[in-house]
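So the structure is just underneath, and the comments pick up after that.
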């Protein structure tokens, strides 16, 4: 039964060396989940604005892994297409975000996220 | 089958009164509206007063028209304006019940209201502006309420009017709202009235519970009430249910409150803080008679109760005597008149109690006129002498120029009040006194009332002899600085000796009354004198319950055709049947016939006082005739005493022979002057404890519990907010953390709920 | 269905991981980072161990896949260092390492274009931008001079709570993954008969799913058989064998009932590469998205320019205003001194 379960997750990888056979969708998804979690923790924990942004990028990475893994699983190229767009968006976001961070840095002379608490109720 | 046709109207069908009868209510409302409009427009002339006079004159004309239209033979008439209450079994209409009692009352109410409105137009003239409009607003509202009270078709309308007159009384007593004593007096009046109103309300409820209706038309025509009357007249009070016997007890509490009887009379003297027209109209002539009206209207119900009428009689008597003793010792002439009002109201209640509603009604009518006259005269004095009312500071006013009509009015009022022979007051008081002696068991009441009549004559003429006769002397009162035509003088020094013909070098000029006041005083004097004629005219033979009854005068005609009618068996026949000698002797045949009839009927008629068949005598005479002389004697003795002590040999305003005599009585005159400390007793007995409870129980309750509750309700959102507010930390990462937690929870829910629902693994 | 990894062990691994990361995050006084990292690694290793044991239980011959585990380990470790390093520059550099590891994972998933696109765009452009900004904004002290370092870099914000929250999330995600495995739809396919040659694996899958594969007639490893039958009569009309040639190309062999063979070799031209496939998918299935992505990039460019410019303008205007004010004040002073 476990064989069925595993085989049902088998990524269509015939043609590749054996050493990469046997890795299932679950493996990739686990990696993706772990990386996403790392990104979440880093985002919540670190105070440096730029490091916070890096953590969001880490989350993007995790999403990318998951997308491509699913694409491979379903033998579809939509996953990879989507990752292209994710890259585009990440780039755009990085540009804008960093520009804003620079402005914020100029205002507050510090990169700490704790400086910006004006919406405090 | 009773010879007491208490329910003379019972068998008649209820006729329909014309709709224009509602104008009697409508015109005072128009007066209310016009005074409101004047107030809004800021009118500064006497227009509101004259418009009021117009409206009230219209109401009087309508009443007169109604009088001419109404035919008592058709029974009472009812006109309904609209259906007021209809809740389950309880229905009450907003309408009028017209019978002779109603018209009798309304004629003098509207007439006096018109005259007093005219008087007030001058009296209140220094207050033109918003105060003036306010006065006439309350005045008109009062007349409307009184009309509701008297003409209402059911107890609910009566209650409406009752409360309305109470309200207007409060508004008008407290007219000078900047004066603390006036405000206190207004509150006192309202609160004491309220105590009585409780009795009235309970009586209303009990009436509804017991009889199933509060409409007069249904109540006074019901077989249930007739049955009670029959039982009462047979002396079988035990068979009448206790509920029915309690109704009049409760109603009379209300009547005592409104008509200032013991123990609820304390508000009326204080009510003199209001302007004099108010005192004249409300606290002399109309509102205070509402209690008498109530008892008269519900006379059948009172008859059906064993103890109601005796209580009424004795309360009236005690009040009459008490008030007379207090009035003897007062120095403020308006107060004296107030106590005399209380005393005379006691007479009216005593009259009702001794089974002469006719006498009571007639006394109401005459009293209304002469008391209003007296008050208005006192008011003229007050108006002219800058608020001076102390009879130790006024003297000889009949000789002051311009005060002739006032003196005349005062004199006419005084002779009526004292009961000088052939005045209206004499006749009406005599009717009551006579019946007190006729009805068995009430002779004591009769003697007390006679004594009180003597006291009345004494203190009435005390006022007249002190204020209007004797050496001329006057001092201005406290309102000196308010009047434009007075000099701003300080104290006036007393004149020690000698008559001074000329007071003008002191600089204070009395303000002689103008045309309005003089006109009204003259009219009222004439009416008071003419009212004595009503004792002679207006008699009619009435058909009461199948019997012929010869009503002797106008008041009798009116009263005996209404619900208040009560005829004792010997009234039919005079005293011939009992063998007492009359001045007009009848022939032996008629005497024998009457005697036969009398004995036939005599056996079946009892009343609250037991067997009514055998009338009593006074000093061996037929009371009706004998009273003419006896009461005249008491009255003259009183006047002579007043002359001796207060006029003869008096050279100053302040001192007289009475002062020396009074010193011999020790502290008693002082106690009388302090109203026998009744107010202080009430203060200690009721007000003090209530104050204590209020301060120590209700106030903390209000402050901590009620206010605390409200504050807590206000405090809760703040606390809630302060708990939630920290979540808005303004920190970016805090919000992100919140999102993550939310996402986690969501995923968890999907994991546990959705997937397991979907087909659990 | 049986779990791939026992839930308790999974959660224990998450717990260990959380503990480790919480310790590893920057903290002012303790130098527990290393210990933290080891503990986190222990957690990760626990998972790997379980998976390997499971794989060993089912098929002792199958060895764990080295490349996958290597790349995965590097990716996760580097990610850990991204979030735990107290100096932002190092965070960025570790992030580049993460990108490279991820690219390796993409390669394992036959997405070679994406792998290199990732490296070129992400590591080569975006991260460089990050590094520029970090250089701009951080005044990093010399090595060893810890006291002057910015407080916001040395202390982390509620590490325990964050680690706890994060690993609860991880626990749930992985549980979902394993719980939901049974319900995942079977891999979909596109029966694309217009293009003759597919990747061999794909063809095999198609054949399997369309039930044309005859398992009994498996000729050799890498060969599949098609049996064509007349739909009406059910007669066999011959056989098609699709095999992999020795060079690794696809071969189609048509064998009719008499045993005649005809071979057709599909050379590498018929095997579209990943890039070609990706391009086809992109342009055929998602043309609009390309346009939108372009617009977004345009807007980002404009936005960044505008943001930067305004600030400069504003600052210049401010400076000019200051200058004028000082000048006026000075003129006044000198004027007052003269008068």
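Bear in mind that the values in this text are calculations on the coordinates, not laboratory data. This one's a predicted model, so the numbers in the text were calculated from it and none came from an experiment. Note: ideal-geometry Cβ built from the backbone for every residue, glycine included; neighbour counts use all protein chains shown.
Bridges between two residues of the stretch B:1-146, per DSSP, are antiparallel at a rate of about 80%. Ranked by how many other Cβ atoms sit within 10 Å of their own Cβ, fewest first, the residues B:85, B:144, C:71, A:85 fall in the order B:85, A:85, C:71, B:144.
Listing B:403, B:447 from fewest to most neighbouring C-beta atoms within 10 Å gives B:447, B:403.
Spin-label pair residue C:295-residue B:127: with each label point 7 Å from Cα along the Cα-Cβ axis, the two points sit 8.1 nm from one another. A protection proxy built from the mean count of other Cβ atoms within 10 Å ranks the segments B:160-169, B:228-237, most packed first, as B:160-169, B:228-237. Once you order the gyration tensor axes a ≥ b ≥ c over the Cα atoms, which shape class does chain B get: rounded for a/c under 1.5, otherwise prolate or oblate by comparing a/b with b/c? Oblate is the answer for chain B, as a/c is 1.5 or above yet b/c matches or exceeds a/b.
Seen through its C-alpha gyration tensor, with square-root eigenvalues sorted a ≥ b ≥ c, the stretch A:24-110 comes out oblate because a/c lies at 1.5 or above while a/b is not bigger than b/c.
Working from label points 7 Å from Cα in the Cα-to-Cβ sense, the residue B:478 to residue B:725 distance is 5.5 nm. For the stretch B:229-250, the residues whose backbone nitrogen is under 19 Å from a point 7 Å from the Cα of residue B:611, taken along Cα to Cβ, are B:231-238. Of the residues C:85, B:126, C:321, B:210, the one with the fewest other Cβ atoms within 10 Å heads the list, and the complete ranking is C:321, B:126, B:210, C:85.
For the stretch B:685-724, the residues whose backbone nitrogen is under 19 Å from a point 7 Å from the Cα of residue C:161, taken along Cα to Cβ, are B:721-724. Counting, for every residue in C:90-103, the Cβ atoms of other protein chains within 10 Å of its Cβ and taking the mean gives 3.
Placing R0 at 35 angstrom, the Cβ-Cβ distance between residue C:90 and residue C:284 gives a FRET efficiency of 0.20 after rounding to 0.05.
The angle between the Cα long axis of helix B:515-531 and the main principal axis of chain B comes to about 60°, on a 0 to 90 degree scale. For the pair the stretch B:393-452 / the stretch B:716-747, the C-alpha centres are spaced 89 Å from each other. Measuring r between the beta carbons of residue C:53 and residue B:739 and using R0 = 30 Å, the FRET efficiency lands at 0.25. One decimal place: the segment residue C:336-residue C:116 gains 72.0 nm when fully extended, by the rule 0.36 nm per residue minus the C-alpha distance.
Placing a pseudo-label 7 Å from each Cα along the Cα-to-Cβ vector at residue B:673 and residue C:328 gives an inter-label distance of 8.7 nm. Against chain B, whose longest principal axis comes from its Cα atoms, helix B:333-353 is set at around 80 degrees. Segment residue B:660..residue B:36, full-extension length gain: 219.2 nm, with 0.36 nm per residue of separation and the alpha-carbon distance subtracted. Peptide B:322-328 has a mean shielding of 0, counted as Cβ atoms of other protein chains within 10 Å of each residue's Cβ. Inter-chain neighbour count for C:118-125: the average number of beta-carbon atoms from partner chains within 10 Å of each residue's beta-carbon is 3. With a Förster radius of 45 Å applied to the C-beta separation of residue B:754 and residue A:115, the computed FRET efficiency comes to 0.60.
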